[in-house]
1. I need the calculated FRET efficiency for the pair residue A:9 and residue B:17, taking r as the beta carbon distance and R₀ as 22 Å, to the nearest 0.05.
2. What does the average come to when, for each residue of peptide B:8-21, you count the partner chain Cβ atoms lying within 10 Å of its Cβ?
3. What does the buried accessible surface come to for A and B, summed over both chains, with the probe at 1.4 Å? Round to 100 Å².
4. Between B:111, B:84, B:34, find the one with the highest GNM mean-square fluctuation for chain B; connect C-alpha pairs within less than 10 Å.
5. Compute, for chain A, the length of the dipole vector about the Cα centre, with Cβ point charges of +1 (Lys, Arg) and -1 (Asp, Glu) only. Units Debye, rounded to 20.
6. Specify the inter-centroid distance of segment B:26-43 and segment A:8-24, based on alpha-carbon positions, in whole Å.
7. Could you pull out the pairs from B:29/B:82; A:89/B:116; A:33/A:82; A:29/B:116 whose alpha carbons sit more than 22 Å apart here?
8. From the label point of residue B:9, set 7 Å from Cα along Cα→Cβ, how far away are the matching label points in the other copies, in nm, ordered shortest to longest?
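The values are calculated or read from the model by the stated rules, or taken from the named source; none is laboratory data. Please read these numbers as outputs of a predicted model, since none were measured by experiment. Glycine also receives a Cβ, built like all others from the backbone with ideal geometry; neighbour counts cover every protein chain displayed. Accessible surface areas use protein heavy atoms only, side chains included; no ligands, DNA or RNA. Shrake-Rupley method; radii C 1.70, N 1.55, O 1.52, S 1.80 Å.
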Protein chains: 2
Amino acid sequence: MVQSFNPTQPIYLQILQRICRQVVRGELKAGDKLPSVRDMALQAGVNPNTVQRVYTELERLEIAETRRGLGSFITENEARLKQLREDLKSEQISSFIADMEETGFSPEEILEGVRKDLFNNKGGRGV
Amino acid sequence: MVQSFNPTQPIYLQILQRICRQVVRGELKAGDKLPSVRDMALQAGVNPNTVQRVYTELERLEIAETRRGLGSFITENEARLKQLREDLKSEQISSFIADMEETGFSPEEILEGVRKDLFNNKGGRGV
DNA sequence: ACACGTGTATTAGTAACATAGTACACTATA
DNA sequence: TATAGTGTACTATGTTACTAATACACGTGT
């Protein structure tokens, strides 16, 4: 059961993103234990060192805490996890807006395009 | 006058993006001549071969046409340029929406977040 | 004490990117 | 025809980020 990765983006970033999303969606909660680097590496079909990089990054971001010999755990700091959600939201939104505006789209066009995609085109988006 | 580049993204992609945005914003029009690879390399502070890669990619995307000995020109095909605008718009929007939804945000939350960023927080966004 | 599972550190290899350099082919102009 | 400017192709080199392989250190349970 090997997971698939987008070849244009580093694997470790993709695993990191997956874990962050699991946290934000509530699939991983404060204090939950993450799989060991070796287990995660098996599941993901990558080298344990690649997973280690992910866990190191999670620790740097204060999303997880690692205990040598024990494993890595999602932080118990609920405020931090709440902040992660808000950070992800505002970063994704603001970089999207910045890109759109730099490309030359007006605020009205941006908003209407988002609304359309969200509520109108959902059923007809075959691709 | 050397342009700056974001170190986490390949230089050629950034130049490509800049040119596409200039087209979409109307700063470059159908039939306009692009600087020679040597001139653009000077302006951008990069190797001509890097610019050559950009122009090759522009041609592949049918955004520009190159004539050996003459230079590279934005395509005269207005329909293609219009399509480029729509493609950029829909790609940016749909990937944004996909990311937001995968992260766990609801359509309502997404739309409200975008509206806020566009219309309410503009003045107070100090960072 | 030993075995096992854990994280950690280090080294090696590789792909992608970027540069530098060079030479060729084409076009326009004097 | 010569010159200057254009794109094009190719080779060699260097750098960086990423990934894998391997071994070490720590913690827990028996």
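1. My answer for the efficiency is 0.85.
2. Values: counts 0, 0, 0, 0, 0, 0, 0, 0, 0, 3, 1, 0, 1, 4.
Mean shielding by partner chains, rounded to a whole number: 1.
3. That pair hides around 3100 Å² of surface in total.
4. B:111
5. It comes to approximately 660 debye.
6. Here the answer is 38 Å between Cα centres.
7. Details: B:29/B:82 11 Å; A:89/B:116 12 Å; A:33/A:82 18 Å; A:29/B:116 29 Å.
Beyond 22 Å: A:29/B:116.
8. 1.4
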